[in-house]
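Here the structure comes first, spelled out in structure tokens, and everything after it is commentary.
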């Protein structure tokens, strides 16, 4: 009389364990890859957000430069806005808070491109404060300048001596571009605004 068998044989149990092990390995492998992909996407999203914030801060700084019309400038008293391929500097009144300076801060500010570890960094110096606004991992970044948005130059100055007849220049516009091929391309500008805003009380005998 044959006895009925219950349970698994040793071989059957080993086969079940092997199949289960392979299934778990596949699941964990997919999970690990998905986790790595998720972390990578998160890192890229954070890097993109940081880059957007840095560009916004740079635009604010550019818009904050105090561009005095040459007709209203006094030699030895007023500091001009000047620009070169590796820097932009001059007096500012901060329109909003940035890492460079708080909102309303007034004084001399410099944006300087410095070489760092095979790339570049855009550094902001405002008074005693020095901060890095953004990094340029590769390529060569540089400033260019325009007064009309059409013709561009690698140098700029609002100093009255830079103009043929400064007494007639009662309004200035400056476009600033920071470009690094394949990395960043930021364009913004600042205007002097109405001439009346630059009038001193002493000019009315006050």
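List of remarks:
- Residues of the range 155-206 that are surrounded by fewer than 17 Cβ atoms within 10 Å (Cβ to Cβ), assigned to a helix (DSSP H, G or I) and either more than 30 Å from the chain's Cα centre (by Cα) or modelled with pLDDT under 80 (or both): 161, 167, 168, 195, 196, 197, 201, 202, 203, 204.
- If the condition is being assigned to a loop (DSSP other than H, G, I, E, B) and either within 11 Å of residue 189 (Cα to Cα) or touching a helix residue (DSSP H, G or I) at 6+ places or on another chain (Cβ under 7 Å) (or both), then the range 62-74 contributes 64, 67, 68, 69, 73.
- Residues satisfying the criterion are present in the range 102-118 (criterion: surrounded by 18 or more Cβ atoms within 10 Å (Cβ to Cβ), within 19 Å of residue 55 (Cβ to Cβ) and in contact with a helix residue (DSSP H, G or I) (Cβ under 9 Å, 6 or more places away or on another chain)).
- Restricting the first member to the range 89-115 and to residues that are part of a strand (DSSP E or B), and the second to residues that are loosely packed, with under 14 Cβ neighbours inside 10 Å and modelled with pLDDT under 95, the beta-carbon pairs closer than 6 Å and six or more apart or on different chains are 107/127.
- Applying a threshold of 7 Å to beta carbon distances and a minimum spacing of six or more residues, or different chains, the list of pairs starting in the range 162-188 at a residue that is in contact (Cβ under 8 Å) with a residue 12 or more places away in the chain and on the phi > 0 side of the Ramachandran plot and ending at one that is surrounded by fewer than 17 Cβ atoms within 10 Å (Cβ to Cβ) and assigned to a loop (DSSP other than H, G, I, E, B) reads 182/139.
- Count - residues of the range 119-128 that are more than 15 Å from the chain's Cα centre (by Cα) and either surrounded by 15 or more Cβ atoms within 10 Å (Cβ to Cβ) or modelled with pLDDT of 95 or more (or both): 1
- Conditions (1) in a loop (DSSP other than H, G, I, E, B); (2) farther than 19 Å from residue 194 by Cα; number of the one not met by residue 148: (2)
- Residues of the range 109-146 that are more than 17 Å from residue 59 (Cα to Cα) and in contact with a strand residue (DSSP E or B) (Cβ under 7 Å, 6 or more places away or on another chain): 114, 119, 120, 127, 130, 137, 138, 139, 140.
The values are calculated or read from the model by the stated rules, or taken from the named source; none is laboratory data. As the structure is a computational prediction, the values presented were derived from the model and not from experiment. Glycine gets a Cβ as well: all are built from the backbone with ideal geometry, and neighbour counts include every protein chain shown.
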